[in-house]
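Reviewing the structure listed below.
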Amino acid sequence: MNDLRKLPEPMLLFGHNQSMEDPRDGLTLFNPLDESKTYGIRAGVIGTQSGIDRYKKWVARIQTPIIETDKSGKAVSHRPFFPGFETAFRVPWKPEPFLQLVIPDGELEKYLYLGERYIRVYKTVSVYVERILAAKRNLDEQVDIWFVIVPENVWQKCRPQSTVEASLRIETTEKRNPRNARRLQAEPSFFEEDNIAAIPYHYEVQFHNQLKARLLRDKILSQIIRETTIAPNDFLDQFDRPTRQVDDESAIAWNLSTAVFYKAGGRPWKISQIRDGVCYVGLAFKQDELNADPRSACCAAQMFLDSGDGVVFKGALGPWHTSGRGDYHLSRDAARSVIGMAIDCYRDNKGYPPKELFIHGKVRFDQNEWSGFRDAVDEKTNIVGVRIRSENGFKIFTKGRLAVLRGLSYVRDDRTAFLWTKGFIPRLNTYPGRGVPNPLLIDVCRGDAKIQTVLKDILALTKINYNACIFADGMPVTLKFADAVGEILTAGPVEDVPPLPFRHYI
């Protein structure tokens, strides 16, 4: 077949039924697709007093335009300026939060220097989680979203490889053998104090993932923000330079504002002219490192509707990991169960099953999985399995300094193709990347669909990442957050998690 062509850039739909290709242009000119809540963002904020003060100052700052300039003071044309939050999203976001919870000075330091990392991270996360849960229990009116403002020392000392300097380390008598402590989750001790002491070892030693996991059961939405993200000039080195390099001020404003608007219940945009009745599901796997069985892994299905809405379903925990190859494959029953949940949710939302169901994965689906997927749908639904992975062994070089165009496709045959989701973007007049762009290898490995239709869909799905307000991603949203979703679902004992909107995981 050997067909090389440029696909048109997918358009996005905004307010007043208007379409644009860049989300920043669409929000500036036509505002978001949804009107959202008239009262705007009802925010809860938790942090130290200095962290909360920085949050308030930043929210006040984004009420006015933020225009990036070059060294000569001229506006940078390929970076759309941020017009101000209410101007872009048409709802207020007041600097003074609806509720604020102040962490007293010194409280975090009581735990950040503990030598045992499991206890250090668990107790630091507890400082935030316990206050948020207490507020949820005791308040009649609830906030839309909790802003967790994180000091830099929390970020530095609450990650998997973090250590505490020997001179500052605090040893604790609560320390346990991690393997023995995790075993008590399935086989509790007769001594309750042993079971309590083992709880920190049931969670991943990563602040972000553990906090998200511990808020899932209560369906609490959160936005974790490092203080250095919103106030980089407050943290300077000996040469009066920010200790951490962050994005441009306008980029941070665009990205956080879009994520907050989405988490508060609004849709900033959706794909324009998408086919009616189509449903996309991305399968996410994460090896359960807290389980003694090296094959144990968690599966999650991320479903995205033609409306742009996303829902995450937690599948069964089981021996899905194949040691040595790094592949994950479900049993027939597990495959039927996880896709069945997606179909049921679609039917509840629409009133009928999807006409087309595309299942995206990073590896080819084996026969057991495919049989399970087919068991979950009826004859009214055309089901298609698509493998998607980055391919660095096939490149196209161009004359001159410009990269290949985003949207270029090379169709090898009627079931496989290469698609450049990264590349030169005429609207931005630049290639927002480094090196020669790698394409995605697209393989229709199960079922039947026209390869051009699959390519157009995948290119469009790179444009509905509501966690950032950028022109497009390199991966479709069905797989973009696969690792992040899996890490949250395996960050602790989060059984019985109901299907939740995608906004809970980003």
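Going through segment 238-264 one residue at a time, which ones are in a helix (DSSP H, G or I), closer than 15 Å to Arg61 by Cα, in contact (Cβ under 8 Å) with a residue 24 or more places away in the chain and of a type outside the set (S, T, N, Q)? Break it down stepwise before answering.
Step one: of segment 238-264, the residues in a helix (DSSP H, G or I) are 249-263.
Now restrict to residues that are closer than 15 Å to Arg61 by Cα: 249-257.
Filter once more, keeping what is in contact (Cβ under 8 Å) with a residue 24 or more places away in the chain: 249-251, 253-257.
Selection gives Glu249, Ala251, Ala253, Trp254, Leu256.
Among the numbered criteria (1) within 30 Å of Pro151 (Cβ to Cβ); (2) at pLDDT 95 or above, which single criterion is violated by Phe30?
If we test Phe30 against (1) within 30 Å of Pro151 (Cβ to Cβ); (2) at pLDDT 95 or above, just (1) comes out false.
Which members of segment 317-348 meet the condition of being loosely packed, with under 15 Cβ neighbours inside 10 Å and either within 15 Å of Phe502 (Cα to Cα) or small (Gly, Ala, Ser) (or both)?
Ser323, Gly324, Gly326
Against the conditions (1) touching a residue at least 12 places away in the same chain (Cβ under 8 Å); (2) of a type in the set (Gly, Ala, Ser); (3) more than 24 Å from Ile220 (Cβ to Cβ), where does Gly351 fall short? Just the number, please.
So the condition that Gly351 fails would be (1).
Could we say that Ile52 is surrounded by 15 or more Cβ atoms within 10 Å (Cβ to Cβ), modelled with pLDDT of 95 or more and under 30 Å from Ala197 (Cα atoms) here? I'd like the intermediate steps shown before the answer.
Working: surrounded by 15 or more Cβ atoms within 10 Å (Cβ to Cβ): yes; modelled with pLDDT of 95 or more: yes; under 30 Å from Ala197 (Cα atoms): no.
So Ile52 fails the test.
Looking only at segment 100-107, decide whether some residue is closer than 30 Å to Asn31 by Cα and touching a residue at least 12 places away in the same chain (Cβ under 8 Å).
Here is the first cut: in segment 100-107, the ones closer than 30 Å to Asn31 by Cα are 100.
Narrowing further to those that are touching a residue at least 12 places away in the same chain (Cβ under 8 Å): 100.
Yes, there is a match, as at least one residue in segment 100-107 is closer than 30 Å to Asn31 by Cα and touching a residue at least 12 places away in the same chain (Cβ under 8 Å).
For the list (1) at pLDDT 95 or above; (2) over 30 Å from Gly351 (Cβ atoms); (3) surrounded by 19 or more Cβ atoms within 10 Å (Cβ to Cβ), I need the number of the one condition that Val404 fails.
So Val404 meets the others, but not (1).
How about segment 205-222: which of its residues are among the charged types (D, E, K, R) and either assigned by TED's automatic domain parsing to the domain that holds Ile488 or surrounded by 13 or more Cβ atoms within 10 Å (Cβ to Cβ) (or both)?
Step one: list which residues in segment 205-222 are among the charged types (D, E, K, R), which gives 212, 214, 217-219.
Once the filter is applied, which keeps residues that are among the charged types (D, E, K, R) and either assigned by TED's automatic domain parsing to the domain that holds Ile488 or surrounded by 13 or more Cβ atoms within 10 Å (Cβ to Cβ) (or both), segment 205-222 yields Lys212, Arg214, Arg217.
Check whether at least one residue in segment 179-188 is among the charged types (D, E, K, R) and under 23 Å from Val154 (Cβ atoms), and report yes or no.
Looking only at segment 179-188, we keep the residues that are among the charged types (D, E, K, R), and these are 179, 182-183, 187.
Subsequent filtering for residues that are under 23 Å from Val154 (Cβ atoms) retains none.
No, segment 179-188 contains no residue that is among the charged types (D, E, K, R) and under 23 Å from Val154 (Cβ atoms).
Kindly establish whether Ala482 is assigned by TED's automatic domain parsing to the domain that holds Ala297, under 25 Å from the mean Cα position of the chain (by Cα) and closer than 20 Å to Pro501 by Cα. Full working, then the answer.
On the way: assigned by TED's automatic domain parsing to the domain that holds Ala297: yes; under 25 Å from the mean Cα position of the chain (by Cα): yes; closer than 20 Å to Pro501 by Cα: yes.
Here the answer is yes, as Ala482 does meet what is asked.
For segment 103-186, which helices (runs of 4 or more DSSP H) that fit wholly inside it have 3 or more residues that are assigned by TED's automatic domain parsing to the domain that holds Asp218?
On the way: elements: 109-112, 117-138, 152-157, 178-186.
In segment 103-186, 109-112, 117-138, 152-157 are the helices (runs of 4 or more DSSP H) which contain 3 or more residues that are assigned by TED's automatic domain parsing to the domain that holds Asp218.
Please go through segment 223-237 and give me each residue that is without any contact (Cβ under 8 Å) to a residue 40 or more places away in the chain and either assigned to a loop (DSSP other than H, G, I, E, B) or surrounded by 15 or more Cβ atoms within 10 Å (Cβ to Cβ) (or both), ordered by number.
We begin by selecting, within segment 223-237, every residue without any contact (Cβ under 8 Å) to a residue 40 or more places away in the chain; these are 229, 232-233, 236-237.
Within segment 223-237, Thr229, Pro232, Asp237 meet the criteria.
Which of the residues that make up segment 455-506 are assigned to a loop (DSSP other than H, G, I, E, B), of a type in the set (A, V, I, L, M, F, W, C) and either surrounded by fewer than 22 Cβ atoms within 10 Å (Cβ to Cβ) or out of contact with any Gly (no Cβ under 7 Å at 6 or more places or on another chain) (or both)?
Of all residues in segment 455-506, those assigned to a loop (DSSP other than H, G, I, E, B) come to 462-476, 481, 490-499, 505-506.
The next check asks that each one be of a type in the set (A, V, I, L, M, F, W, C); those that pass are 464, 468-472, 475, 481, 491, 494, 497, 506.
Within segment 455-506, Ala468, Cys469, Ile470, Phe471, Ala472, Met475, Phe481, Ala491, Val494, Val497, Ile506 qualify.
When Asp22 is evaluated against the numbered criteria (1) surrounded by 14 or more Cβ atoms within 10 Å (Cβ to Cβ); (2) over 26 Å from Ala134 (Cα atoms); (3) modelled with pLDDT under 95, which criterion, by number, is the only one it fails?
Here Asp22 meets the rest and fails (3).
Working carefully through the options Gly315, Gly310, Gly277, Gly282, find the one that is under 28 Å from Arg90 (Cβ atoms), of a type outside the set (Phe, Trp, Tyr) and assigned by TED's automatic domain parsing to the domain that holds Lys362.
On the way: Gly315 fails: under 28 Å from Arg90 (Cβ atoms); Gly277 fails: under 28 Å from Arg90 (Cβ atoms); Gly282 fails: under 28 Å from Arg90 (Cβ atoms).
Step by step, each of Gly315, Gly310, Gly277, Gly282 is checked, and only Gly310 is under 28 Å from Arg90 (Cβ atoms), of a type outside the set (Phe, Trp, Tyr) and assigned by TED's automatic domain parsing to the domain that holds Lys362.
Give the residue that is surrounded by the most Cβ atoms within 10 Å (Cβ to Cβ), with candidates limited to residues of segment 424-454 that are β-branched (Val, Ile, Thr) and closer than 20 Å to Leu479 by Cα. Quick ask: steps written out before the conclusion?
First, pick out the residues of segment 424-454 that are β-branched (Val, Ile, Thr): 425, 430, 436, 442, 444, 451, 453-454.
Cutting the leftovers down to closer than 20 Å to Leu479 by Cα gives us 442, 444, 451, 453-454.
Numbers: Ile442: 26, Val444: 21, Ile451: 22, Thr453: 15, Val454: 21.
So the residue we want is Ile442.
Here are Phe481, Phe471: which of them is under 30 Å from Tyr201 (Cα atoms) and modelled with pLDDT of 85 or more?
Working: Phe471 fails: under 30 Å from Tyr201 (Cα atoms).
Being under 30 Å from Tyr201 (Cα atoms) and modelled with pLDDT of 85 or more holds for just one of Phe481, Phe471, which is Phe481.
Restricting the first residue to segment 363-374 and requiring it to be in the same structural domain as Val444 (by TED's automatic domain parsing), which pairs with a second residue that is part of a helix (DSSP H, G or I) meet a Cβ separation below 6 Å and a spacing of at least six or different chains?
Taking only residues 6 or more apart or on different chains, the pairs are Asn368/Arg332; Glu369/Ala335; Ser371/Arg332; Gly372/Arg332; Gly372/Ala335; Gly372/Arg336; Phe373/Ala335; Phe373/Ile339.
Check whether at least one residue in segment 28-47 is of a type in the set (Lys, Arg), touching a Phe, Trp or Tyr at 6+ places or on another chain (Cβ under 7 Å), in a loop (DSSP other than H, G, I, E, B) and touching a residue at least 60 places away in the same chain (Cβ under 8 Å), and report yes or no.
As a first pass, look at segment 28-47 and keep what is of a type in the set (Lys, Arg): 37, 42.
From the residues that got through so far, the ones that are touching a Phe, Trp or Tyr at 6+ places or on another chain (Cβ under 7 Å) too are 42.
Applying the additional criterion that residues be in a loop (DSSP other than H, G, I, E, B) yields 42.
Adding the requirement that they be touching a residue at least 60 places away in the same chain (Cβ under 8 Å) leaves 42.
Taking every residue of segment 28-47 in turn, at least one turns out to be of a type in the set (Lys, Arg), touching a Phe, Trp or Tyr at 6+ places or on another chain (Cβ under 7 Å), in a loop (DSSP other than H, G, I, E, B) and touching a residue at least 60 places away in the same chain (Cβ under 8 Å).
The values are calculated or read from the model by the stated rules, or taken from the named source; none is laboratory data. Fair warning: this is a prediction, and the values are worked out from it, not measured in the lab. All Cβ positions, even for glycine, are placed from backbone atoms using ideal geometry, and neighbour counts span all protein chains on display.
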